[in-house]
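Down below is the structure, laid out as structure tokens.
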Amino acid sequence: MLAGCLAHHRGTHPLVVGVAGGGVVVAAEVAAGIGGSLRAVAVAELEAPGGAGLAIGGVGPDGVPLVEEHLMAGLGLRLQDLTAEVRRGTARAQQRQRAYRPVPDAEVAGRTVVVVDEGMATGLALRTVLHLMRRVGPALLVAAAPVGLPSAVDLIAAEADEVVCPRQPLRLHTVGEWYDDFPEVSDDEAALLVEAAGL
């Protein structure tokens, strides 16, 4: 379904980037459907210091964090307060990324890039990858997921040139409830899809 909604990019040989894990499974279907190359990017959540698991940002293998400014302000935090957490998150993302092919800047710059995740509940992981891709200079940056909350879609729309999200329920208990089959996907399993897709 998602590939069909992105059919207007067929023939442009886009780079389809899956958010590591389950997002790669969806991205593989999209890449096959629109004739794109498949890659993956791993991200790690950033948690507030002493925040009992409150996610206030994300970071990819490049080590450049994306933080939720409103949450940071509400907690009285500055970016320098997250230095240790960003370092830990970067190390986690880099470790996960080793399972996948690298994404060279030359594959991104000047190209249509479609960043795909399995859903947009908060959209934090997807936005983190969008930020990473944007810094490299794609010609067109597209965000896509089969399902997402309208509030998350609105946040992502501010980061991407185009957002494709065909199902936008007002309530989203879990992303998995919108799939017939929603197993946990390891990085090793997802990496096999990237390898199978070739160039």
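Annotations for the structure displayed:
- Hey, Arg87 assigned to a helix (DSSP H, G or I), at pLDDT 95 or above and not assigned by TED's automatic domain parsing to the domain that holds Val17 or not: yes
- When residues of the range 91-101 are limited to those that are outside any helix (DSSP H, G or I) and touching a strand residue (DSSP E or B) at 6+ places or on another chain (Cβ under 7 Å), the one farthest from Leu54 (Cα to Cα): Arg101
- Test: residue in the range 131-143 that is within 18 Å of Val25 (Cα to Cα) and under 13 Å from the mean Cα position of the chain (by Cα): yes
- Flag for Gly63 being under 20 Å from the mean Cα position of the chain (by Cα), assigned to a helix (DSSP H, G or I) and not assigned by TED's automatic domain parsing to the domain that holds Val136: no
- For the range 58-95, filtering for residues that are surrounded by 13 or more Cβ atoms within 10 Å (Cβ to Cβ) and at positive phi leaves 1.
The values are calculated or read from the model by the stated rules, or taken from the named source; none is laboratory data. Computed from a predicted structure; not experimentally measured. So basically every Cβ, Gly included, is an ideal-geometry build from the backbone, and we count neighbours across all protein chains shown.
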